[in-house]
1. Quick check: pseudo-label points 7 Å beyond the Cα along Cα→Cβ at residue 239 and residue 11, how many nm apart are they?
2. Given the DSSP H assignment, sum -39500 (n - 2.57) over each helix run of at least 4 residues in the chain and divide by its residue total; what's the result at 222 nm in deg cm²/dmol, nearest 500?
3. When N counts the residues of the range 100-203, how does its alpha-carbon radius of gyration compare numerically with 2.2 N^0.38 Å, as a ratio?
4. Translational diffusion coefficient, Stokes-Einstein: compute it for the range 163-259 using the Kirkwood radius over C-alpha pairs as Rh, at 20 °C and 1.002 mPa s, and state it as an integer in µm² s⁻¹.
5. Can you compute log10 of I(q)/I(0) for the range 3-298 with the Debye formula, treating each Cα as one identical point scatterer, at q = 0.08, 0.12, 0.13 Å⁻¹?
6. Label-point separation (nm) for residue 178 and residue 148, each offset 7 Å from Cα along Cα-to-Cβ?
7. What's the angle, to the nearest 10 degrees (0 to 90), between helix 232-248's Cα axis and the longest principal axis of the chain?
8. Considering Cα pairs under 8 angstrom that are at least six residues apart, work out the relative contact order of the chain and quote it in whole percent.
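Rule-based calculations on the coordinates, nothing more; no lab input. Not measured: the values here are computed from a predicted model. FYI the Cβ positions are ideal-geometry reconstructions off the backbone, even for glycines, and counts take in every protein chain you see.
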């Protein structure tokens with residue numbers, strides 16, 4: 001099967017489905033962070049960004065990840081989503097995040113206090129044009145920093161907003177197994193969103209299993225990335241990725257996404273892109289079935 005074949009014929013439902021609370025989503029979703037700007041930092045083309053979002057839904061993507069703090073000098077991910085997709089399809093699940101904040105210049109602020117989270121939730125509601133949010137993740141820490149300390153006060157504040165009807169389901173992000181256990185004592189958790197991939201954050205292998213035990217989705221971000229620091233082990237894996245990609249007529253990025261989905265039925269993927277071609281390739285990765293030999297060649301605990 002060639003890359004062209006699997007790209008042009010595949011929809012997101014080829015990846016299988018998972019339930020986020022009472023909502024069913026295809027396991028291959030879309031992350032909106034990269035839609036705001038180009039890789040060189042220049043603002044994205046607005047018409048292209050809107051076209052990518054609309055095409056994602058046409059390809060069966062029904063899980064879109066965003067945040068009010070996803071904005072650049074000229075673009076806001078939430079505004080683009082609203083403009084492109086509202087009125088929203090009934091099956092579309094929009095997941096957003098609260099916790100960190102950014103000032104108008106883009107500088108990161110300290111983590112929100114429990115009493116500030118309602119304002120962040122309401123800002124997402126306003127930007128998305130909705131009367132409730134499908135899923136809200138409490139992100140611990142800013143950017144890629146893995147959070148520490150208790151999340152009880154902040155997660156409890158979000159649980160109150162869920163009880164008030166502003167939020168349908170809750171999740172957590174940038175967290176450890178201890179955070180998940182703590183959150184589950186407060187309210188149901190439908191997803192954990194952490195950086196994770198073939199050569200990044202493999203300490204979360206055990207967290208994926210813990211999530212599965214509790215029926216919680218594990219949603220990696222930056223799943224295609226090779227990790228923050230290059231290493232000899234990464235280079236060896238890159239070679240294996242290239243070989244498996246050639247065997248399947250796929251791209252290395254598709255192999256990395258497929259490997260992620262093979263980690264378990266509760267593992268979702270939310271690759272982001274501002275390119276229509278890359279969008280089709282990412283969605284097509286949901287149909288790529290790796291063999292046991294492929295997985296053995298790829299797998300690393302590095």
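1. Going from the residue 239 label point to the residue 11 one covers 4.2 nm.
2. Numbers: 11 runs with 113 residues, N = 302.
Taken over the chain, the calculation gives -11000 deg cm²/dmol.
3. Here the Cα radius of gyration is 1.07 times the empirical estimate.
4. Details: Rh = 15.0 Å.
It diffuses with D of about 143 µm²/s by this estimate.
5. The computed values of log10 I(q)/I(0) come out as -0.32, -0.74, -0.88.
6. Output for this residue pair reads 0.8 nm.
7. 70
8. Working: 596 pairs, mean separation 66.1, N = 302.
Relative CO of the chain lands at 22 percent.
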